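Asker: Below is the structure I would like to discuss, written out as structure tokens.
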Amino acid sequence: MDNRPIGVFDSGIGGLTVLKEIMEQLPGEDIVYFGDTARIPYGSRSKETVIKYVIESFDFLMTKDIKAIVIACNTASALAMEEAQAKFSVPIIGVVEPGAKAAAGCSKNNTIGIIGTEGTINSGAYQKKIRKILPTAEIIGVSCPLFVPIVEEGWENSDVAELAARKYLLDLKEHNIDTLVLGCTHYPTLRYTIGKILGEKVTLVNPAYETAKLTKNILKEEGLLNEKIDGGTYRYYVSDAPSKFQRIGGNIIRREIDVVEKVVLGN
């Protein structure tokens, strides 16, 4: 049994949807969460900048004696996964591959939608992974930049959220998709609003859930699993605005976040 913590990284707050799934599926694991809130959003950054930020964030997490890192950020998973795996010796798990596999397995008509940040959609990461499994799939990617601030304002069930979703999802409805990947960790919070617009015939794939499941399998395979059934401890670090993180984050994970420490990275 390996008692060292799991590191969970995101560009900000949205990765807490992944943390929540890990808490539920691995309740005995200790977790160190780092959100690079001073440099959000990653979605509009260049690949070189995202890689730089990810490496700096992982350097910090490694000081906490972690046994694995979960990249709870679609943009970082899409743009910096290979570089991170080459530099660090611990297992590194991203959200793109498990989300893509789940989408390919769900689709009946091979018409799959992906919503995410500009960086995630333009990277083609989900498209490439899905087409490895379903070479004939029709894949429609749509960037939804307003969804992140809507979630961070706590407006996920508001008229504002519904209006934005109707605008973003129009093209997907016209393509008759039967599966939609929620390709940003903020987006599961909008699940009800998105489902209301697309209807029951469209399966919503939550990569956060799939990533937690993959994390458990990898830790077991590598002999790193903490086999306690409960009692995990959680530490939170951010690069800016701890009070905002506490307020919004507590709503996402449905539990109080008592302490958030601020750290300074890079220049």
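Asker: Straight-line reach from Lys108: which aspartates and glutamates have Cα under 18 Å away, leaving out those fewer than 8 places along the same chain?
Answerer: Glu138, Glu174, Asp178, Glu200
Asker: Have a look at Val263, Leu214, Gly250 and report the one farthest towards the positive end of the charge dipole of segment 214-267, computed about the Cα centre with Cβ charges (Lys/Arg +1, Asp/Glu -1).
Answerer: Projecting each Cα onto the dipole axis, the largest value belongs to Gly250.
Asker: Hey, what number do you get for the chain at 222 nm if only DSSP H runs of n ≥ 4 count, each worth -39500 (n - 2.57), divided across all residues, to the nearest 500?
Answerer: Taking each H run of at least 4 residues, the total per residue is -14000 deg cm²/dmol.
Asker: Note down the magnitude of the dipole of the chain about its Cα centre, charges +1 on Lys and Arg C-beta and -1 on Asp and Glu C-beta and zero elsewhere, to the nearest 20 debye.
Answerer: For the chain, the charge dipole is close to 420 debye.
Asker: At a 1.4 Å probe, what is the % contribution of carbon and sulfur to the accessible area of the chain?
Answerer: Here carbon and sulfur together make up 48 percent of the probe-accessible area.
Asker: Separate question: If you look at just the Cα atoms of segment 97-207, how large are its Rg and its Dmax in Å?
Answerer: Cα-based Rg and Dmax for segment 97-207 come out at 12.9, 39 Å.
Asker: Where nothing but the Cβ of Lys and Arg (+1) and of Asp and Glu (-1) is charged, how large is the charge dipole of segment 151-191 around its Cα centre, in debye to the nearest 20?
Answerer: Details: 4 positive and 8 negative charges, 22 e Å.
So the magnitude is around 100 debye.
Asker: Normalise the Debye intensity by I(0) for segment 192-250, one equal point scatterer per Cα, no solvent, then take log10 at q = 0.23 Å⁻¹ and round to two decimals.
Answerer: Computed log10 I(q)/I(0) values: -0.98.
Asker: To the nearest 20 debye, what is the magnitude of the charge dipole of segment 140-259 about its Cα centre, counting +1 on the Cβ of each Lys and Arg and -1 on the Cβ of each Asp and Glu?
Answerer: So the dipole magnitude of segment 140-259 works out to roughly 120 debye.
Asker: Oh, and also: Would you tally the net charge around Thr17, using a Cβ to Cβ cut-off of less than 13 Å, leaving Thr17 out, and scoring K and R as +1, D and E as -1?
Answerer: Value of the local net charge: -3.
Asker: With Cβ to Cβ distances under 14 Å as the rule, what net charge do the other residues near Asn226 carry (K, R +1; D, E -1)?
Answerer: Numbers: positive: Arg4, Lys67, Lys216, Lys220, Lys228; negative: Asp2, Glu29, Asp30, Asp65, Glu222, Glu227, Asp230.
Computed value for this residue: -2.
Asker: Roughly how many nanometres apart are two label points built 7 Å out from the Cα toward the Cβ at Glu83 and Asp59?
Answerer: So the two model labels end up 1.3 nm from each other.
Asker: Can you grab the distance from the C-alpha centre of segment 35-100 to the C-alpha centre of segment 214-233, Å, no decimals?
Answerer: 20
Asker: Beyond a 21 Å Cα-Cα separation, which of these cross-linked pairs lie in this structure: Lys87/Lys262; Lys20/Lys213; Lys67/Lys220?
Answerer: On the way: Lys87/Lys262 25 Å; Lys20/Lys213 12 Å; Lys67/Lys220 12 Å.
Correct reply: Lys87/Lys262.
Asker: Of Ile253, Ile22, Ile112, which has the largest mean-square fluctuation in a 10 Å C-alpha GNM of the chain?
Answerer: Ile253
Asker: Averaged per residue, what accessible area in Å² does the chain show with a 1.4 Å probe, protein chains only? Present the calculation step by step, with values, prior to reporting the outcome.
Answerer: Values: 11960 Å² over 267 residues.
Using a 1.4 Å probe on heavy atoms only, each residue of the chain averages 45 Å².
Asker: Could I ask something else about it? For the chain, set up a GNM with springs between Cα atoms under 10 Å and report which of Ser158, Ser11, Ser77 has the largest fluctuation.
Answerer: Ser158
Asker: Here is a follow-up. With N residues in the chain, what two-decimal value do you get for its Cα radius of gyration over 2.2 N^0.38 Å? Before the final figure, lay out each step's value.
Answerer: Numbers: Rg = 17.5 Å, N = 267, 2.2 N^0.38 = 18.4 Å.
Expressed relative to 2.2 N^0.38 Å, the Cα Rg reads 0.95.
Asker: Now for a separate question. Under a Cβ-Cβ cut-off of 13 Å, what is the net charge of the residues other than Ser46 that fall near it, where Lys and Arg count +1 and Asp and Glu count -1?
Answerer: So the surrounding residues net to +2.
The values are calculated or read from the model by the stated rules, or taken from the named source; none is laboratory data. What you are looking at is a predicted structure, and each value in this text was computed from that prediction instead of being measured. Ideal geometry is used to build each Cβ from the backbone, glycine not excepted, and the neighbour counts take in all protein chains shown. Protein only, heavy atoms only, side chains kept; ligands, DNA and RNA dropped before computing areas. Shrake-Rupley method; radii C 1.70, N 1.55, O 1.52, S 1.80 Å.
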